[in-house]
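Since the structure comes first, as structure tokens, the remarks are kept for the end.
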Amino acid sequence: MLTPLLVANWKMNHGITEAAEFIQFLENAEISSDREFVVCPPFTSLHLFKNIPHGAQNMHWEESGAFTGEVSAAMLKELGCTYVIIGHSERRQHFGETDDIVAKKVATALAHGLTPIVCVRSVDEVTPALVGKEIVIAYEPVWAIGTGKAATPEHAQDIHSQIRKRVGDTVRILYGGSVSAENASSLMAQPDVNGLLVGGASLDVNIFLKIIQS
Ligand code: PEP
């Protein structure tokens, strides 16, 4: 059985003050769960996450160089990141990320020992370049992101089973889009839902904890 993975994607929210409070709360919480979790804050707070599993929301595919404003995989490793979100729909929409760019970032992340959490909006975005790789896939339909209208468990299972046919049994497939403390357990009950990518609901540490333990 694949260990379920719960990912907090803070997007461009929470500065270091809020991040420090969130971390303190999590460090003092008794988390009784056989699930894995990881928090992906903005780059500016990654250094605070010493004992809490953490990952980045993005990275560049090149090792170094003249790429103003970008961050490399080696830099994320130095900060103790274990995961990196790649190809989030907001990056595809606002920053022009294509399947080719996603494939390049995945290759670089893997070469540095980071596990990519590759976001896809449809089965078609699970391209051949992603098959056979040690990655996590997150299915996130755009109509569900930040809208309060999560996919039904049946819809998620239907799409996940199609993705499963492409990537095989060893890849975790997460669902993302308006996940809440209320709908998390019914989504997680689906056989091909191996975890959740949580945006808005992950900003409140109490709600995120409920989702981890649901
Ligand atoms: C996301 O950030 O990937 C996401 C799914 O956001 P939300 O949970 O707010 O819909």
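The values are calculated or read from the model by the stated rules, or taken from the named source; none is laboratory data. Predicted, not measured: the structure shown is a model, and the values here were computed from it. Surface areas here come from the heavy atoms of the whole protein model, side chains and all, with no ligands, DNA or RNA. Shrake-Rupley method; radii C 1.70, N 1.55, O 1.52, S 1.80 Å.
Keeping all protein chains in position, work out how much accessible area HIS112 exposes to a 1.4 Å probe, and write it in Å² to the nearest 10.
Ignoring ligands and nucleic acids, HIS112 comes out at about 50 Å².
Do you know the Lys pair count in the chain for C-alpha distances under 28 Å, with sequence separation 8 or more or different chains?
21
Over segment 55-194, calculate the relative contact order: mean separation of alpha carbon pairs under 8 Å at least 6 apart, over the residue count, as a percent. Walk me through the numbers before you get to the answer.
Details: 227 pairs, mean separation 26.7, N = 140.
Worked out over segment 55-194, it gives 19 percent.
Can you tell me the accessible area per residue over segment 55-194, all protein chains present, probe 1.4 angstrom, in square angstrom?
Values: 6280 Å² over 140 residues.
Averaged over the residues of segment 55-194, the accessible area is 45 Å².
So how much slack lies between ASP204 and THR147, counting 0.36 nm per residue of separation and subtracting their Cα-Cα distance, in nm? Intermediate values should be presented prior to the final figure.
On the way: separation 57, 0.36 × 57 = 20.52 nm, distance 1.73 nm.
Gain on extension, ASP204 to THR147, equals 18.8 nm.
Quick one: how many Å² of LYS133 are accessible to a 1.4 Å probe, rounded to 10?
Approximately 80 Å² for this residue.
Per the 1.4 Å probe, what fraction of the accessible area of the chain, in percent, lies on carbon and sulfur atoms? Before the final figure, lay out the partial values.
Details: 5200 of 9900 Å².
About 53 percent, which is the carbon plus sulfur part of the accessible surface.
Given the DSSP H assignment, sum -39500 (n - 2.57) over each helix run of at least 4 residues in the chain and divide by its residue total; what's the result at 222 nm in deg cm²/dmol, nearest 500?
Numbers: 7 runs with 67 residues, N = 214.
Mean residue ellipticity, 222 nm, calculated: -9000 deg cm²/dmol.
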